[in-house]
Amino acid sequence: MINIPTLSQLYNSIKADIEAELGVIIPSFGPSLIRVKATVLAAQLKLFYLAVGLLQKNIFVDTADPESVGGTLERFGRVKLGRNPFAAVQGQYVVSVTGTAGAVINAFTTFKSDDSALNVAKIFQLDTAYTLTGSNDQITIRALEAGIGSKLQVGDTLTSTAPIALVDSSVEVSSEAVQPLAAENIEDYRAKAIQAYQLEPQGGAASDYIIWSADAQGVRKAYPYARDGASNEINLFIEANEDDSTDGRGTPGTAILDEVEQVVEFDPDTTKPLTERGRRPLGLFKIHFLPISVKLIDIEIVDYQGLTPAIEAQIFNAIQAAFKDIRPFVAGADVLANKNDILNVIKIAFIIQDALPQSVYDSLSFMVDGTEFSTFVFQDGDIPWLNTITYV
């Protein structure tokens, strides 16, 4: 990578070259055409350096900028992943309505979520007209705002934005028809593209299941393992993006697991011939699509010197960020140099010291799901989640 010099460095370099070429010393004060010329050349040369730096940055997937700012990241993704970043998905909900038999709710009727709903004042629309039967009437409404900002839960109520003849204005959510999903984060998209370059497709090896699972929206990572005590069966543990998970910690819902099953069985690329889209290798009896298991980590730090709320927040954020990189290792798929599946006291101490080099305390310990460990290995579908940090 080239180092882009500052304008001052370029000016001084040009000025020094002119002085050496002419054998003169250009005064720093007073009018000087040469100083003006050196300043103009420095500004022009700076633009060349910036252009070269931008070009160099965008010839590698790990440093490329998004296309929205003139970069090439999505081009790498389209070549290797075969897609752009996933767009946000609009949630759809089945709601119960009451009214007189024969009454009609017209298409494009809108409803607004009430103050007691999970997300307040969000607008939903009925896409197809519905005629009430007078008993157990239900309609499916769609969020006008894509993503999780309009997510609702069973029991939430909404009110029609305009009166509907012979129909109660209030409706209640009875089930979720289509799970709302956040737009794919550009850095998650980059990570999946890098992963696709690093992992070589092998027709059913562990790396293939990781690559295939990335075709399902909402998936952060997949962890495939041979199933203990069963031949020709595998466990495929799925971790969801935090925003798309059921608990905000990475646990996928049924909709995401179902989509993973679809893309593992069948390539979603419809431009390929039908005979080339099957993915499951011959001889594999069963794939178990499973959610990851979140392990709650509680840390106790004894006698921390000079503790303040700001320091507590800084330590918590640093450990929480570090835990996002501690994940099960999949032999034969993951890069050995990136193996990071062990949590111990030394690692936690290092994280604290890296965030706050001045930290002084007596000792620390940690528990996993309420049991104290000095070292814990995350394997199969186990992932860590920082629950609490207690100072005593």
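Values quoted throughout were computed directly from the atomic coordinates according to the rules given, and no laboratory measurement underlies them. Fair warning: this is a prediction, and the values are worked out from it, not measured in the lab. Neighbour counts are summed over all protein chains in view; Cβ atoms, including those assigned to glycine, are modelled from backbone coordinates with ideal geometry.
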Taking H placed 1.01 Å from N in the peptide plane, check which residues at least 5 places from Thr161 or on another chain put their amide H under 5 Å from its amide H.
Thr110, Phe111, Lys112
Amide N proximity, region 251-269 versus Arg277 label position 7 Å along Cα-to-Cβ, cut-off under 16 Å:
259-269
Could you point to the residue in Asn232, Gly248, Ile210 farthest towards the positive end of region 199-291's charge dipole, with +1 and -1 charges on the Cβ of Lys/Arg and Asp/Glu respectively?
Asn232
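Based on the Cβ-Cβ distance from Asn340 to Glu233, what FRET efficiency comes out when R0 is 22 Å, to the nearest 0.05? Could you put the intermediate results ahead of the total?
Working: r = 27 Å, r/R0 = 1.25.
The computed FRET efficiency comes out at 0.20.
Charges only on Cβ, +1 for Lys and Arg, -1 for Asp and Glu: so what's the dipole of region 293-391 about the Cα centre, in debye to the nearest 20?
Values: 5 positive and 13 negative charges, 57 e Å.
The dipole of region 293-391 has a size of about 280 debye.
For the chain, what's the relative contact order in percent, using C-alpha pairs closer than 8 Å and at least 6 residues apart? Walk me through the numbers on the way to the answer.
Numbers: 738 pairs, mean separation 46.7, N = 392.
The value is 12 percent.
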Can you list residues from other chains, or at least 5 along the same chain, whose modelled amide H is less than 5 Å from the amide H of Lys221?
Glu239
Asp298 to Phe48: extension gain in nm, 0.36 nm per residue of separation minus the Cα-Cα distance?
84.8 nm
Span from the region 334-392 Cα centroid across to the region 79-101 one, whole angstrom:
38
Kirkwood hydrodynamic radius of region 1-60, from inverse mean 1/r over distinct Cα pairs, in Å
12.7
Length gained, Tyr391-Leu364, 0.36 nm per residue minus C-alpha separation, equals 8.8 nm
For helix 254-265, report the angle its Cα long axis makes with the longest principal axis of the Cα atoms of the chain; keep it between 0 and 90° and round to the nearest 10°.
70
Using alpha-carbon coordinates, inclination of helix 7-22 to the longest axis of the chain, degrees:
30
Among Leu144, Ala165, Ile301, which residue has its Cα furthest toward the positive end of the charge dipole of the chain, with +1 on Lys/Arg Cβ and -1 on Asp/Glu Cβ?
Leu144
Projected onto the charge dipole of the chain (+1 at Lys/Arg Cβ, -1 at Asp/Glu Cβ, origin at the Cα centre), which of Tyr361, Pro273, Thr390 gives the Cα projection farthest towards the positive end?
Pro273
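To two decimal places, what compactness ratio does the chain give when its Cα radius of gyration is scaled by 2.2 N^0.38 Å? Can you show the working numbers first?
Working: Rg = 28.8 Å, N = 392, 2.2 N^0.38 = 21.3 Å.
After normalising by residue count via 2.2 N^0.38 Å, the value is 1.35.
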Along Cα→Cβ, 7 Å out, is where each label goes; now give me the distance between the ones at Ala313 and Glu261 in nm to one decimal.
4.4
Alpha-carbon centroids, region 230-276 and region 116-155: separation in whole Å
26
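Based on Cα coordinates alone, diagonalise the gyration tensor for region 293-391, multiply each eigenvalue by 5, take square roots, and list the semi-axes in whole Å, largest first. Provide the component values of the computation, followed by the final result.
Values: eigenvalues 127, 41, 25 Å².
For region 293-391, the ellipsoid semi-axes come out as 25, 14, 11 Å.
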Put in order of increasing Cβ neighbours within 10 Å, starting from the fewest, Asp188, Asp334, Asp269 give Asp269, Asp188, Asp334
Using only the Cα atoms, work out Rg/Rh for region 92-178, with Rh taken as the Kirkwood radius, to two decimals.
0.93
Label model pair Ser96, Lys286: point-to-point distance (7 angstrom along the Cα→beta-carbon line) in nm is 3.6
Nearest 10, in degrees from 0 to 90: the angle of helix 33-57 to the longest Cα principal axis of the chain is 40
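To make sure I understand, if each residue's beta carbon is the centre and we count other beta carbons within 10 Å, what order do Ile342, Ile14, Ile301 fall in, fewest to most?
On the way: Ile342 14, Ile14 19, Ile301 22.
Starting with the residue having the fewest Cβ neighbours, the order is Ile342, Ile14, Ile301.
Apply 1/(1 + (r/R0)^6) to the Cβ-Cβ distance of Ile2 and Thr270, taking R0 = 41 Å, and write down the FRET efficiency to the nearest 0.05. Working shown, then result.
Values: r = 43 Å, r/R0 = 1.04.
Between Ile2 and Thr270 the formula returns 0.45.
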